[in-house]
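First up is the structure itself, then whatever we jot down about it.
The values are calculated or read from the model by the stated rules, or taken from the named source; none is laboratory data. The structure displayed is predicted, hence computed values, not measured ones. Here the Cβ positions follow ideal geometry from the backbone for every residue, glycine too, while neighbour counts run over all protein chains shown.
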Amino acid sequence: MMFKTHLAFGFLIAIIAIRFLNPANQLLFAFILLIGAAFPDIDHPKSRLGQMAWPIARLFEHRGFFHSFFAIAIFTALLFIISSSMLYSIAFLLGYASHIFADTLTTAGIMPLHPLLKFKLRGAMRTGAFYEYSLFFVLISVDIFLM
């Protein structure tokens, strides 16, 4: 998935989560969720985060560990330890999980139990192709409608 599709999907999740969880600082909640939605691509050398944290992008294969359930648990737990905020940890978790779910729709897929098992969950959508652009425009439309 493209960065903008991850953000559009993450924003949809933020809108829904804010309605259910009603955080005092909705803007901060949405911002943290969107960071979570972008974070897994820190392992991709051409992603925005991967370019800022280039040693990580060089050490880890794209859609390897950072796209696993283990990474979701570890980084969410680290955020909770650092922040002591269950609410903002949930925001990060939801964003991270939205990214992982979206990537399962692509032909490249993800390895959810990496590094223990190398099996992939994958779909039929090509990154950056017509169907992803269609999904992006649907997500943006739904985001706008729900705001």
Scanning segment 61-77 residue by residue, those farther than 30 Å from Ala24 by Cβ, buried (at least 18 other Cβ atoms within 10 Å of the Cβ) and either modelled with pLDDT under 90 or among the aliphatic types (A, V, I, L, M) (or both) turn out to be Arg63
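For the structure I just gave you, tell me whether Phe80 is under 21 Å from Ala14 (Cβ atoms), within 12 Å of the chain's Cα centre (by Cα) and buried (at least 16 other Cβ atoms within 10 Å of the Cβ). Outline the logic, then answer.
Details: under 21 Å from Ala14 (Cβ atoms): yes; within 12 Å of the chain's Cα centre (by Cα): no; buried (at least 16 other Cβ atoms within 10 Å of the Cβ): yes.
Taking the combined requirement at face value, the residue does not satisfy it.
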From the list Ile32, Ile42, exactly one residue is surrounded by 15 or more Cβ atoms within 10 Å (Cβ to Cβ), within 27 Å of Tyr133 (Cα to Cα), at pLDDT 95 or above and in contact with a helix residue (DSSP H, G or I) (Cβ under 9 Å, 6 or more places away or on another chain). Which is it?
Ile32
Condition first: closer than 28 Å to Tyr133 by Cβ, within 14 Å of the chain's Cα centre (by Cα) and surrounded by fewer than 16 Cβ atoms within 10 Å (Cβ to Cβ). Can you find one or more residues in segment 92-100 that meet it?
no
Do we have Gly109 as at positive phi and touching a residue at least 60 places away in the same chain (Cβ under 8 Å) here?
no
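Which residues, taken from segment 119-147, are of a type in the set (Phe, Trp, Tyr) and assigned to a loop (DSSP other than H, G, I, E, B)?
Quick first cut of segment 119-147, residues of a type in the set (Phe, Trp, Tyr) only: 119, 130-131, 133, 136-137, 145.
The answer is Phe119, and nothing else.
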All helices (runs of 4 or more DSSP H) inside segment 5-96 with 2 or more residues being in contact with a His (Cβ under 8 Å, 6 or more places away or on another chain) and in contact (Cβ under 8 Å) with a residue 60 or more places away in the chain
26-38
Scan segment 112-122 for residues that are out of contact with any helix residue (DSSP H, G or I) (no Cβ under 7 Å at 6 or more places or on another chain) and within 23 Å of Ile35 (Cβ to Cβ) and report the count.
0
